[in-house]
Protein chains: 2
Amino acid sequence: MITVQSKSEEIFQKACEYLPGGISRNTVFRDPNPDYVESASGCYITDIDGVRRIDFANNMASLIHGHAHPAIVETVINQLKRGTAYTMATQIEAEYAELLCNRVDSFERIRFMNSGTEAVMAMIKLSRAFTGKPKIAKTEGAYHGTYDFAEVSQTANPDNWGNVDLPESVPVVKGTPKSVLDEVVIFPYNDIERTLSILNRYKNEIACVIIDPIPHRVGLVKGNPEFIEAIYKWTRENNSLLVFDEVVTFRVGYGGAQEMYSVKPDLTALGKIIGGGFPVGALAGRADIMELMNPRFGKPAFPHSGTFSANPITMTAGYTAMKLFDKEAVSNLNELTSKAIEQIHESIKIADVPVSITGAGSMFRIHLKPNPPKTYREAFQPKEEQQVIKNILDYLYNEEKLLLINTCSCMFSTAITQTEVDILSEAFLRAFKKLKEQIIKIQS
Amino acid sequence: MITVQSKSEEIFQKACEYLPGGISRNTVFRDPNPDYVESASGCYITDIDGVRRIDFANNMASLIHGHAHPAIVETVINQLKRGTAYTMATQIEAEYAELLCNRVDSFERIRFMNSGTEAVMAMIKLSRAFTGKPKIAKTEGAYHGTYDFAEVSQTANPDNWGNVDLPESVPVVKGTPKSVLDEVVIFPYNDIERTLSILNRYKNEIACVIIDPIPHRVGLVKGNPEFIEAIYKWTRENNSLLVFDEVVTFRVGYGGAQEMYSVKPDLTALGKIIGGGFPVGALAGRADIMELMNPRFGKPAFPHSGTFSANPITMTAGYTAMKLFDKEAVSNLNELTSKAIEQIHESIKIADVPVSITGAGSMFRIHLKPNPPKTYREAFQPKEEQQVIKNILDYLYNEEKLLLINTCSCMFSTAITQTEVDILSEAFLRAFKKLKEQIIKIQS
């Protein structure tokens, strides 16, 4: 038998000689090999073997207008010809700062960086500098980038997560120093009583409480207003800061997911969509706190630099993208996403499978559980469930030519229309029917 | 009297309302305001008020071919129209990995990231994962990005640096947890005896010894081969890793500054020039260590992700830049830089000032000291000296229209020719003559 090797297989074989596991990002790995992109436009993405798929992943939620939006391409080319980075300032950084600060009440000042990881790291360092306290508190299971303090307990599992009344600080990376784990306090999301009790144990040591208002890895569950308000109140009483990680969730409202709450975070970390498709991070918040980064009057409390921070390519692309993502665009996109959720609910009903959906704004996640999970421990997927999720994703990718995020989540772009929503919900119907037996089996 | 406000002043006033201190990067701040770039090409950079300067800073050493190199602009535009980032792989990441690994003996595998800060952070985390040890050892005064473990003692000064036999771990950022400081062991550069004695005190706890082979903030002094070899030997004997930060120094040789030594680092952090003008970082090194990042067989010891890691724009620009920066280009650039150093030495001699020069390859730094410093403590500039450096830089910037790095360093690009070298050395001659009295005064 002669097997014809695809171009992607061929590239992957070569990639394995130079990249660990043959890949550059864990999220793009597929079994037996990732496919390599030839080109993409709007919500369509074509691989090097000529297969075209609809993109519901949008580079892990970072492309709010899909691929190669003409306005972004045009403005970036214009800047590209004039240079990509200088040891001097550019006007676009000031204009973009103005645009973002005018969009969100809590953004009195902003500083740009190169990734969400850098933004969260800076947010934690700034919180320590402002409060003089060493510890941070974070949600069990929440992903906040790869700064080691921020990633503690992100992958906690039933074997190591401990008692929910006082969850263990579980390392993600082997060899994480015990001293790092000891500086991180873990609490269960949306559980006011337990969380306040845990925070109170360390009340004099907590620089900030980090909240992702709709944490993807926790189950893409919305933070209850009462929960957020209770933490806000606790931080006011204990000389601590409430800081939001809106790297993913900023897309949810014109002013980010924080619009949903009556209380405002002191600081917010940003990334993803605000780069217009280019590497970006940002830290925004209260002027009196951000002032600790000001280098104009001698060494600041928090000196910070970055070779590519606020480079004019990212600023130009981000400015163009966010200007286009105005109130009307946000509202239309959220409405279309609601429609998609509604239609997939219909597919679930028709297929009669114990499946639920969580999410907000332009994001949603499919759970193979009859009721939407409310916490990380509820959302946690045992091995068998992970396998069925993978089977669904493989079916959608290979047979239906749909690209989703590997948690079975969709992060919509404005390039998606009702046509693609119909394709998606029909594909899910076929997937549910096809894999019904497996889906039901894992419930028992 | 009517003072006409420049466009840069006007932008800066607005920027101050939204950015802490009005700027996005501490290194671009100038008194009374930074100037804003209109466009740049090759080694020339023109601000929004129409002033054209020669660029010897090259975005903090990151632009090896200067601004808007036609080949980079062309290949990037081609990619831009096909998308900037996907939740899938691209062929260029495999090709670029191959190019870099073939260039340097110690690069058996490579992983791309978004900044030098991310690369150093990943290098430290991977070292801990591989050795199971919690501490790192680093050079007093060396800058390795903004990961808090990596930045300890970067700005140590005579009031807090302690005894050179066992330098203090001095925080850069206010509020750095004591637990972080305790995990960082500080040693004096190029001092074999003291360094080995310090390392021996913590011999069972050190995951890696980080070396920048020509650390800019330490004085842009080359690491002595005997020093590097002694540390290498120590790491072999103590189950520790020797890891290099070549974010800045990779430009120095075709295979990086590590070419200068008979021993090879286990891991190397990269950034700057390998992005071709776009945000980048990378971690390269021994296959058996890098394998800990491989996610193909379940959760790896070091899971790592990054939304924009290995994005095809950075990969394309970087590949194009490094392909052009071949052996001949490296050699020509280094030769031109040597010529510049020679000519500035001549200016020093003619002006008869107590000034020295350090550096290697395409980088050099001016010191207001009769003999080139050999350690951080020797290179350290008291306030008065900093002021004279600033006066020289202001003179060069305002009167001679030359942009240098704020340590009075030059990082050459291939766009610079003998014409610009002559302008630079003549400008330095005038600067030395003009400020001779100040330069002599700080010696006493």
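The values are calculated or read from the model by the stated rules, or taken from the named source; none is laboratory data. The structure presented is a predicted model; accordingly, all values stated were derived computationally and were not measured. Methodologically, a virtual Cβ is constructed for each residue, glycine included, from the backbone with ideal geometry; neighbour enumeration extends over all protein chains shown.
No other residue among A:Arg52, A:Arg30, A:Arg25, A:Arg82 is basic (Lys, Arg) and buried (at least 24 other Cβ atoms within 10 Å of the Cβ) apart from A:Arg25. The residues listed here are A:Ile405, A:Ile366, A:Ile344; of these, the one that is within 14 Å of chain B (Cβ to nearest Cβ) and either at pLDDT below 95 or touching a Phe, Trp or Tyr at 6+ places or on another chain (Cβ under 9 Å) (or both) is A:Ile405. Condition first: under 19 Å from A:Asn59 (Cα atoms) and at pLDDT 95 or above. Can you find one or more residues in region A:260-269 that meet it? Within region A:260-269, one or more residues are under 19 Å from A:Asn59 (Cα atoms) and at pLDDT 95 or above.
Condition (residue is aliphatic (A, V, I, L, M), part of a strand (DSSP E or B), within 22 Å of A:Val221 (Cβ to Cβ) and not assigned by TED's automatic domain parsing to the domain that holds A:Thr139) applied to region A:376-392: is it met by at least one residue? No, region A:376-392 contains no residue that is aliphatic (A, V, I, L, M), part of a strand (DSSP E or B), within 22 Å of A:Val221 (Cβ to Cβ) and not assigned by TED's automatic domain parsing to the domain that holds A:Thr139.
For region A:64-81, the set of residues classified as within 7 Å of chain B (Cβ to nearest Cβ) and either touching a residue at least 60 places away in the same chain (Cβ under 8 Å) or part of a strand (DSSP E or B) (or both) consists of A:His67, A:Val76, A:Leu80, listed by residue number. Examine region A:147-164 for a residue that is of a type in the set (Asp, Glu), within 14 Å of chain B (Cβ to nearest Cβ) and surrounded by 21 or more Cβ atoms within 10 Å (Cβ to Cβ), and state whether such a residue exists. Among the residues of region A:147-164, at least one is of a type in the set (Asp, Glu), within 14 Å of chain B (Cβ to nearest Cβ) and surrounded by 21 or more Cβ atoms within 10 Å (Cβ to Cβ), which makes the answer yes. Scanning region B:298-313 for residues that are under 30 Å from A:Val152 (Cβ atoms) and assigned to a helix (DSSP H, G or I) turns up nothing. Scoring A:Ser127 on the criteria (1) more than 30 Å from B:Ala301 (Cα to Cα); (2) facing another protein chain (nearest Cβ under 9 Å); (3) crowded, with 24+ Cβ neighbours inside 10 Å; (4) of a type outside the set (Val, Ile, Thr) leaves a single failure, condition (1). Does B:Arg365 qualify as being buried (at least 17 other Cβ atoms within 10 Å of the Cβ) and closer than 19 Å to B:Met60 by Cβ? Yes, satisfied. The number of residues in region B:248-290 that are part of a loop (DSSP other than H, G, I, E, B) and over 30 Å from A:Thr316 (Cα atoms) comes to 11. The condition (being touching a residue at least 12 places away in the same chain (Cβ under 8 Å) and either under 30 Å from B:Leu196 (Cα atoms) or not assigned by TED's automatic domain parsing to the domain that holds B:Lys138 (or both)) is satisfied by just one residue among B:Val248, B:Val280: B:Val248.
For B:Phe302, the conditions (1) surrounded by fewer than 24 Cβ atoms within 10 Å (Cβ to Cβ); (2) in contact (Cβ under 8 Å) with a residue 24 or more places away in the chain are fulfilled apart from (1). Within region A:219-247, the set of residues being more than 17 Å from the chain's Cα centre (by Cα), part of a loop (DSSP other than H, G, I, E, B) and more than 20 Å from A:Ile357 (Cα to Cα) comprises A:Asn238, A:Asn239, A:Ser240. If you filter region B:82-120 down to residues that are part of a loop (DSSP other than H, G, I, E, B) and under 21 Å from the mean Cα position of the chain (by Cα), you find that the one that is nearest to A:Val76 (Cα to Cα) is B:Asn114. The set of residues from region A:344-359 being more than 15 Å from A:Met411 (Cβ to Cβ) and either surrounded by fewer than 18 Cβ atoms within 10 Å (Cβ to Cβ) or free of Cβ contacts under 8 Å to residues at least 40 places away in the same chain (or both) comprises A:His345, A:Glu346, A:Lys349, A:Ile350, A:Asp352, A:Pro354, A:Ser356.
To keep it simple, each residue is scored yes or no on (1) among the aliphatic types (A, V, I, L, M); (2) within 29 Å of B:Asn294 (Cβ to Cβ); (3) outside the structural domain of B:Thr268 (by TED's automatic domain parsing).
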{"residue": "B:Ala137", "(1), (2), (3)": "yes, yes, no"}
{"residue": "B:Ala150", "(1), (2), (3)": "yes, yes, no"}
{"residue": "B:Pro171", "(1), (2), (3)": "no, no, no"}
{"residue": "B:Thr176", "(1), (2), (3)": "no, no, no"}
{"residue": "B:Ser179", "(1), (2), (3)": "no, no, no"}
{"residue": "B:Val185", "(1), (2), (3)": "yes, no, no"}
{"residue": "B:Thr195", "(1), (2), (3)": "no, no, no"}
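Would region B:136-158 turn up any residue that is in a helix (DSSP H, G or I) and free of Cβ contacts under 8 Å to residues at least 12 places away in the same chain? Looking for residues that are in a helix (DSSP H, G or I) and free of Cβ contacts under 8 Å to residues at least 12 places away in the same chain, one finds none in region B:136-158, hence no. For a quick check of your reading of the model, give me the residue pairs whose first member lies in region A:384-402 and is farther than 15 Å from A:Ala57 by Cβ, whose second is of a type in the set (Gly, Ala, Ser) and surrounded by 17 or more Cβ atoms within 10 Å (Cβ to Cβ), with beta-carbon atoms closer than 8 Å and at least 6 apart or on different chains. That search, which allows pairs on different chains as well, returns A:Tyr395/A:Ala431. If you go through region B:19-56 and keep only what is among the hydrophobic types (A, V, I, L, M, F, W, C) and touching a residue at least 40 places away in the same chain (Cβ under 8 Å), you end up with B:Cys43, B:Ile45, B:Ile48, B:Val51, B:Ile54, B:Phe56.
When the residues of region B:57-79 are filtered to those that are hydrophobic (A, V, I, L, M, F, W, C) and surrounded by fewer than 24 Cβ atoms within 10 Å (Cβ to Cβ), the one that is nearest to B:Cys408 (Cα to Cα) is B:Ala68. When you check B:Val421 against the structure, is it of a type in the set (A, V, I, L, M), over 19 Å from the mean Cα position of the chain (by Cα) and not in a helix (DSSP H, G or I), yes or no? Considered against the rule, which asks whether it is of a type in the set (A, V, I, L, M), over 19 Å from the mean Cα position of the chain (by Cα) and not in a helix (DSSP H, G or I), B:Val421 comes out as no.
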